[in-house]
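In what follows, a structure is listed as structure tokens, so that the remarks can point back to it.
The values are calculated or read from the model by the stated rules, or taken from the named source; none is laboratory data. Predicted, not measured: the structure shown is a model, and the values here were computed from it. For neighbour counting, all protein chains shown are included, and Cβ atoms are generated from backbone atoms with ideal geometry for every residue, glycine included. To get the accessible areas, we keep the full protein, side chains included, count just its heavy atoms, and leave off ligands, DNA and RNA. Shrake-Rupley method; radii C 1.70, N 1.55, O 1.52, S 1.80 Å.
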Amino acid sequence: MDVLEKARARRTAARAAAERAALDWQDAVVESIDQLVDQLRLAGSDRLVCFEAAVRPALDGEAWEEREDLVKAAFASDAGVQRYTPSDDERWAIAVDLWDDLRSALSRIHGTDVPASLVVDLDSRVAVGYEPLHCPDVGIEPELILHLVRADSDEPFASLLLELPDPDSAIDRVSELLDRYGLEPPTRPEHEPGECDLGMGEEDE
């Protein structure tokens, strides 16, 4: 029994270390975003980052080979807005790395797939995920809301226990900031309005 207890204690310690490492990873990404925002001379209040991704079809038509690529990045605060699109600019390469690292870290911390498009409210430490494509007949709806738990939290599994006190308020704040900065939610319509596949089979009959 002592052997099993020791093994259990080791697993618990390893899990806590893995959780802490993921939180450290997340904090390092957020710190890097903060530093980039400062370099862009956007170190004001209500800081927002909008990462828009697109789904690229597979060359041979196999769905599992589809990939998600960053196609736009916007950094904003009350000091201004700067937008970036794919280019050879070093800042674009940094934006891609930050987007990829943040999605990976959040996925590891929360144990869930993180949508490809993200809006990060830096001051509130909230990330809102959007699928790259949405049905215009349904409207734009966020897929996921995650709180950026700090690595220095006293509770090593804080991210697993955390519930946002008011997700609707978090979404409302992100929507208000996007509108204030002239940014659209990072998702595009999958088809023209009224062309939704849902229920079309019955109409064809």
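Structure notes:
- Among the numbered conditions (1) surrounded by fewer than 18 Cβ atoms within 10 Å (Cβ to Cβ); (2) part of a strand (DSSP E or B); (3) at pLDDT 90 or above, the only one that residue 53 does not meet is (1).
- Counting only strands (runs of 3 or more DSSP E) that fall entirely inside region 91-205 and contain at least 2 residues that are modelled with pLDDT of 85 or more, closer than 15 Å to residue 26 by Cβ and touching a Phe, Trp or Tyr at 6+ places or on another chain (Cβ under 9 Å), the qualifying elements are 117-121.
- Condition broken by residue 113, with the remaining ones in (1) without any contact (Cβ under 8 Å) to a residue 24 or more places away in the chain; (2) acidic (Asp, Glu); (3) open to solvent by less than 30 Å² (accessible area, probe 1.4 Å) satisfied: (3)
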